[in-house]
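Comments concern the structure below.
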Amino acid sequence: SLVDRKHKIVRLFDPPYTADERYAGYIAGYGEGFRENGGQYSHGAIWLAMAAFRLGRHEDAWEILSMLLPQNHDLNRYAAEPFVLAADVYSAKGREGEAGWTWYTGSAGWYFRAVYEEMLGLKLVDGRLTVSPRLPAAFEKCGVQWTDSSGKVHRIAIDRHGIKVDGKDYD
């Protein structure tokens, strides 16, 4: 399975390429279970979560996003900053759950988009903010602030019953 719940890893593919196989490109240059070669490539894991939100599989999507957060790992094993989203996490034998390539902003940027655009459903289209949340059960309600192009701050409350913008109900 691509989702390894025990080690909190979402593999790019499984099994990894081995040195004995036909050359598969640069991926095969990484050892088995490292980076894209059968390890977690966080961009790909986030894209999987985004797809799950779009397919209505909100719980699966949130499970994937939660697995990516450093605080949900054994930080002694993770061996990276507990406040930085790693670009990859290893599945190699004996190194399961160990982070690599931290401070790589691409993963953090995609994570931000997955939460704001796919889970909270906040999208700016032609200068208008649309809100179409896909909240998993873990999020009974949440709130955000948005500043429009005129500088006006809007308070947006999202819960299981609907959406309120500046105290006014929306469907």
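The values are calculated or read from the model by the stated rules, or taken from the named source; none is laboratory data. None of these values were measured; they are calculated from a predicted model. Cβ coordinates were reconstructed from backbone atoms using ideal geometry, including for glycine residues, and neighbour counts include every protein chain displayed. Ligands, DNA and RNA are excluded from the accessible area calculation, which covers all protein heavy atoms including side chains. Shrake-Rupley method; radii C 1.70, N 1.55, O 1.52, S 1.80 Å.
Tabulated data
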{"item": "Subset of region 129-154 (residues that are within 21 Å of the chain's Cα centre (by Cα) and of a type outside the set (V, I, T))", "result": "S132, P133, R134, L135, P136, A137, A138, F139, E140, K141, C142, G143"}
{"item": "Residues of region 70-98 that turn out to be in a strand (DSSP E or B) and modelled with pLDDT under 95, as a count", "result": "1"}
{"item": "Within region 21-69, considering residues that are basic (K, R) and more than 30 Å from G121 (Cβ to Cβ), the one most open to solvent (accessible area, probe 1.4 Å)", "result": "R22"}
{"item": "Residues being more than 11 Å from the chain's Cα centre (by Cα) and outside any helix (DSSP H, G or I) - total across region 46-69", "result": "3"}
{"item": "Strands (runs of 3 or more DSSP E) within region 108-171 that include 2 or more residues surrounded by 12 or more Cβ atoms within 10 Å (Cβ to Cβ)", "result": "122-125, 128-131, 141-147, 153-159, 162-165"}
{"item": "Where V10 falls short, out of the listed (1) touching a residue at least 40 places away in the same chain (Cβ under 8 Å); (2) in a helix (DSSP H, G or I)", "result": "(2)"}
{"item": "Selection from region 4-20 of residues that are buried (at least 17 other Cβ atoms within 10 Å of the Cβ) and closer than 24 Å to N72 by Cβ", "result": "D4, H7, K8, I9, V10, R11, L12, P16"}
{"item": "Enumeration of residues in region 60-93 that are without any contact (Cβ under 8 Å) to a residue 12 or more places away in the chain and farther than 17 Å from V10 by Cα", "result": "L75, N76"}
{"item": "Residue within region 73-83 that is among the aliphatic types (A, V, I, L, M), under 25 Å from A138 (Cβ atoms), open to solvent by less than 50 Å² (accessible area, probe 1.4 Å) and out of contact with any Cys (no Cβ under 9 Å at 6 or more places or on another chain) present", "result": "yes"}
